Amino acid sequence: MKIQEADAKSLLLTQGLPIPDWSVARTPAEARTAAERFFAAGAGSVVIKAQVLVGGRGKAGGVKLAATANEAEAVAERILGLSIKGIPVRKVLVAAAAVIVKEYYLGAILDRASRRIVVMASAEGGVEIEEVARATPEAIHRASAHPLLGLFDYQARELAFAVGLGPHLKSFVRIAKGLVATMKVNDADLVEVNPLAIVRETGPEGPVERLVCLDAKITLDDSALVRHPGLEEMRDLDEEDPADAEARHHDISFIHLDGTIGCMVNGAGLAMTTMDLVKRAGGEPANFLDIGGGAKADRVAAAMRLILADSKVDAILVNIFGGITRGDEVARGLIEARARQSREVPMVVRIVGTNAEEAAHLLRKANFETAASLDEAAEKAVAAARAVATEATSAATPATGGAA
Ligand code: GDP
Ligand code: MN
């Protein structure tokens, strides 16, 4: 689950990281009030930032400075009217604008290969890190955190020197360790500060430079959210994909993929196997979908709606291993779902285990295509999807020399 910058900043603040104070505004008037507060506290200008769950807001015109309260209101109005990467902006963050001396990148990710949290730092800050990784991979420095002891000070110091932050060593070490702590405390998959910036401020003895986190991005592990009821509240329902919301509502694990064969399976292992077999038969799965244990007809119907909502799906493969889940219950769900479905898509069903015979009987009566083995089911589904795709191309290509 992705959370908004403002929420990510709250989590980093909890770990004691240096973050300029901010407000969130939903209207231009609220943005104005927030800006007035920062100006009254001595800000030279304010920064207004679109709160949407995508990167590259700056490039899309979603991050702007304003020098007066009037200007802040006007800028907020403009940003609140934007759509960034298709997402309408519903709120903005307002903060005193920092005077940036230099921008850096600092991020922590869960690295599956090493099974550790890896901290990455780069002097190429502000730009998207994927871009840096492509163009100049040597500009990214890494340290892998100890699973129990976290990031050691010496590792953080090495990173600081590697990116040229020697003069801000102490602060950098605290921030880098804070990122790892934020990751662990919240069960996050990713914690990213881009830019981490050296900013110039006016202290009692004249100008000083310090390191602050100007942006924050956090992705939480969905499966760990049960351990953090407080974090669930950070879910931005405005931006949630309706399919994801429906899947969550019905306790279905659903991950959208790019292929044409919709899969409905019970059990994560069986779902993975089913996807492998679809691939081996020459097809591409359109999703990973696990209806879980003991699914009733309504959950099966919901799963069918999720699959059919994807217009790329040309065929559906249902693979159920009945244990706690009863085959006849699934069959009933499928029959009910097909009676109501919005479009006709070929479907191949394999149900074994508990009440498989009753399921087979019900499905035969309803003229469903069934398969005895998983291999057979995968092959039939792939063939059906091919037939649909071929039909679509021949319909799109006008016949040559034929009668109209
Ligand atoms: P992103 O584009 O979605 O990653 O949004 P960021 O928060 O990273 O902002 C993009 C860019 O806007 C940063 O790299 C900065 O150059 C600039 N920016 C953000 N906050 C400030 C600020 O307080 N002051 C100034 N001068 N520039 C800022
Ligand atoms: Mn950024």
Within region 1-51, DSSP-loop trypsin sites (Lys or Arg not before Pro) with at most 15 other C-beta atoms within 10 Å are R26
Looks like region 75-226, by Cα gyration tensor root eigenvalues a ≥ b ≥ c and the a/c under 1.5 rounded cutoff (else prolate when a/b is bigger than b/c, oblate otherwise), is oblate
Exposed-loop cut sites defined as GluC sites (Glu not before Pro) in DSSP loop states with at most 10 other Cβ within 10 angstrom; longest site-free run of the chain spans 1-204
With DSSP loop assignment and no more than 15 other C-beta atoms within 10 Å, the trypsin sites (Lys or Arg not before Pro) in region 104-164 are R112, R115
For the pair R116 and E77, the simple spin-label estimate (label points 7 Å beyond Cα toward Cβ) gives in nm 5.4 nm
Those helices of the chain passing the 15 Å axial Cα length cut-off and the mean Kyte-Doolittle cut-off of -1.0 (DSSP H runs only) are 28-40, 69-80, 153-163, 169-186, 268-280, 297-308, 327-340, 374-396
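Which value, in Å², gives the accessible area per residue of region 21-97 when a 1.4 Å probe is used on the protein heavy atoms?
Here the per-residue accessible area is 46 Å².
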Of every hundred units of 1.4 Å-probe accessible area on region 21-97, the number belonging to carbon and sulfur atoms, as a percent, is 55 percent
Contour minus Cα-Cα span, E201 to S10, at 0.36 nm per residue, comes to 66.5 nm
Loop-resident trypsin sites (Lys or Arg not before Pro) in region 260-333 with no more than 16 other Cβ atoms inside 10 Å, DSSP not H/G/I/E/B, are K296, K312
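Given Cα pairs under 8 Å that are at least 6 residues apart, what percent is the relative contact order of region 21-97?
Reported as a whole number, the value is 47 percent.
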If the chain between N70 and T390 were fully extended at 0.36 nm per residue, the gain over the current Cα-Cα distance would be 109.3 nm
Heavy-atom accessible area with a 1.4 angstrom probe orders H256, H141, H249, most exposed first, as H249, H256, H141
Amide H proximity to I117 below 5 Å, modelled H, separation 5+ or other chain, gives D111, A145
With the 1.4 Å probe rolled over protein heavy atoms, region 110-174 has an accessible area per residue in Å² of 60 Å²
Amide H neighbours of I291 at under 5 Å, excluding residues fewer than 5 places away on the same chain, with H built from the backbone geometry, are V265, N266, G267
Expected unfolding gain across K170-H228 under the 0.36 nm per residue rule, minus the alpha-carbon gap, is 17.8 nm
With all protein chains present, region 281-386 has a carbon and sulfur share of its accessible area (1.4 Å probe) in percent of 50 percent
Under a 1.4 Å probe, counting only protein heavy atoms, R338 has an accessible area in Å², nearest 10, of 70 Å²
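The values are calculated or read from the model by the stated rules, or taken from the named source; none is laboratory data. Model, not experiment: these values are computed from the prediction. Glycine also receives a Cβ, built like all others from the backbone with ideal geometry; neighbour counts cover every protein chain displayed. Accessible surface is based on the protein model in full, side chains and every heavy atom, while ligands, DNA and RNA are left aside. Shrake-Rupley method; radii C 1.70, N 1.55, O 1.52, S 1.80 Å.
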